[in-house]
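Dropping a structure here in structure tokens format, bear with me for questions.
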Amino acid sequence: MKVLVIGGTRFLGHYAAETLARRGHEVLVFHRGMHREASCEGGPGAPEHIHADRHDRAALDAAVARVEAVVDIDARNDENSRALVELAQGRVSRVVFVSSVHVYQGLDEEPTQPVPFREETSLLRSELLYPYRGMGAGMDDFDALLLERGARAALTDAATSVVALRMPQIYGPRDYFAREYPWIRAAQDGRSVLLMGTGLSWLVQRVWVRDAALATALAVETASTGFRAFNVGEWEVATTKQLAQAVGEVLGHRFEVAAVPDEILPPHLAWLGHKAQHQWADTSAFRRWSGFQELGPASDALRETVAWHVEHPPSEETWPAPDYAAEDEILQLLREG
């Protein structure tokens, strides 16, 4: 099958394009040319690159006209998804969007809901759209719920189906969020105790980027009709504390975790404070529909991830230097009771 991947260069898109090509598909990668990876180039079966902005409707239209399916890694909201579906329907068999579990009520608001989330679980309320505005570069225009609504509303041609994959945290080599890095650095710096707030018991579902890429390829290949949304993620779910200790074990380091009140966490550890809602979705529907199974155990995926971040540490802008003096002061207070 000839498949167009929109935004297929930086992290998940890179692996999705690679996975589709390895599974025998002819891949075209549509992107602005800002994050082109050398590994995407050259050799038999390597993807063809189209350098254009997705808002260039003529360029996107010409690219869609050349393929049988589209994978959109880059859609941010209903404007993006609606425009693509309007161009693609009746011309391709399948459009696959990478969405997010943050469509569910509770993850970005109160009240919370029982876990695991299922596809029919209550979604966010309309007044809570764009939950990430002001929280980081490139996040102001992202809303997975709007993305799905736009795609569903635009789909009117029965010859085309749309699949939205609700992903949790994606991790692995090339992850520019480098969520494991604070614990990697702590192990490298010989820290034996990690401070955490009440977020230490937060259940956080993740998915290895290679598994996410496989799930994306299966969504292209599996017959479907109309609009469907599926949860994608690892079967096993760990707490923040368990994940931190697992990172230490990969590096041959043993962490103890000291629980402290959220209000005395140093600013650089505030993200380890209160989490009202566990992030855990039931992925059984997608597994039944597509036949998806993880490529390997999560422990192997974590080892690969940690090794990559050790070799490619993130910038200070991503993870500023920790304030160990503030941590030691709190640890001393704990020892003194």
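Which residues, taken from segment 265-287, are part of a helix (DSSP H, G or I) and within 18 Å of residue 123 (Cα to Cα)? Can you show your working first?
Residues of segment 265-287 that are part of a helix (DSSP H, G or I), as a first pass: 267-272, 284-287.
Matches in segment 265-287: 285 only.
Confirm whether residue 253 is open to solvent by 50 Å² or more (accessible area, probe 1.4 Å) and either touching a residue at least 24 places away in the same chain (Cβ under 8 Å) or touching a Lys or Arg at 6+ places or on another chain (Cβ under 9 Å) (or both). Walk me through it before giving the result.
Values: open to solvent by 50 Å² or more (accessible area, probe 1.4 Å): no; either touching a residue at least 24 places away in the same chain (Cβ under 8 Å) or touching a Lys or Arg at 6+ places or on another chain (Cβ under 9 Å) (or both): yes.
No: the conditions fail for residue 253.
A quick yes/no check of all residues on (1) out of contact with any His (no Cβ under 6 Å at 6 or more places or on another chain); (2) open to solvent by less than 60 Å² (accessible area, probe 1.4 Å); (3) over 20 Å from residue 311 (Cβ atoms):
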position: 176; (1), (2), (3): yes, no, no
position: 202; (1), (2), (3): yes, yes, yes
position: 212; (1), (2), (3): yes, yes, yes
position: 220; (1), (2), (3): yes, yes, yes
position: 231; (1), (2), (3): yes, yes, yes
position: 238; (1), (2), (3): yes, yes, yes
position: 241; (1), (2), (3): yes, no, yes
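Mind counting the residues in segment 305-337 that are surrounded by fewer than 17 Cβ atoms within 10 Å (Cβ to Cβ), modelled with pLDDT of 95 or more and either assigned to a strand (DSSP E or B) or of a type in the set (Asp, Glu) (or both)?
The total comes to 4.
May I pose another question? Being modelled with pLDDT of 90 or more, open to solvent by less than 60 Å² (accessible area, probe 1.4 Å) and more than 24 Å from residue 212 (Cβ to Cβ) narrows it down to one residue among 69, 59; which is it? Outline the logic, then answer.
Details: 69 fails: more than 24 Å from residue 212 (Cβ to Cβ).
Matching residue, one of 69, 59: 59.
Moving on to the next point. Among the residues of segment 276-287, count how many are within 26 Å of residue 249 (Cβ to Cβ) and either open to solvent by 70 Å² or more (accessible area, probe 1.4 Å) or free of Cβ contacts under 8 Å to residues at least 12 places away in the same chain (or both).
Summing the residues that are within 26 Å of residue 249 (Cβ to Cβ) and either open to solvent by 70 Å² or more (accessible area, probe 1.4 Å) or free of Cβ contacts under 8 Å to residues at least 12 places away in the same chain (or both) in segment 276-287 gives 1.
Same structure, new question: Can you find even one residue in segment 288-298 that is part of a helix (DSSP H, G or I) and open to solvent by 70 Å² or more (accessible area, probe 1.4 Å)? Steps first, answer last, please.
Applying the first criterion (part of a helix (DSSP H, G or I)) to segment 288-298 yields 288-290, 298.
So of that shortlist, the ones also open to solvent by 70 Å² or more (accessible area, probe 1.4 Å) come out as 288.
Yes, some residue in segment 288-298 is part of a helix (DSSP H, G or I) and open to solvent by 70 Å² or more (accessible area, probe 1.4 Å).
Within segment 109-142, which residues are touching a strand residue (DSSP E or B) at 6+ places or on another chain (Cβ under 9 Å), at pLDDT below 90 and either open to solvent by less than 30 Å² (accessible area, probe 1.4 Å) or assigned to a loop (DSSP other than H, G, I, E, B) (or both)? Walk me through how you get there before you give the answer.
Of segment 109-142, the ones touching a strand residue (DSSP E or B) at 6+ places or on another chain (Cβ under 9 Å) are 113, 115-119, 121-124, 142.
Within this subset, residues satisfying the condition of being at pLDDT below 90 are 113, 121-124, 142.
If the condition is that a residue be touching a strand residue (DSSP E or B) at 6+ places or on another chain (Cβ under 9 Å), at pLDDT below 90 and either open to solvent by less than 30 Å² (accessible area, probe 1.4 Å) or assigned to a loop (DSSP other than H, G, I, E, B) (or both), then 113, 121, 122, 124, 142 are the ones that fit.
Next up: Quick one: residue 160 ticks every box in (1) polar (S, T, N, Q); (2) more than 23 Å from residue 281 (Cα to Cα); (3) open to solvent by 10 Å² or more (accessible area, probe 1.4 Å) except a single one, so which number is it?
Of everything listed in (1) polar (S, T, N, Q); (2) more than 23 Å from residue 281 (Cα to Cα); (3) open to solvent by 10 Å² or more (accessible area, probe 1.4 Å), residue 160 misses just condition (3).
Which residues, taken from segment 72-108, are more than 19 Å from the chain's Cα centre (by Cα) and open to solvent by 10 Å² or more (accessible area, probe 1.4 Å)?
In the first step, residues of segment 72-108 are kept if they are more than 19 Å from the chain's Cα centre (by Cα); the result is 79, 82-94.
Within segment 72-108, 79, 82, 83, 86, 87, 89, 90, 91, 93, 94 meet the criteria.
The values are calculated or read from the model by the stated rules, or taken from the named source; none is laboratory data. Remember, it's a predicted structure, so these values are computed and weren't measured experimentally. Heads up, the Cβs are rebuilt from the backbone with ideal geometry, glycines too, and the neighbour counts pull from every protein chain shown. What goes into the accessible areas is simple: the full protein's heavy atoms, side chains included, and nothing from ligands, DNA or RNA. Shrake-Rupley method; radii C 1.70, N 1.55, O 1.52, S 1.80 Å.
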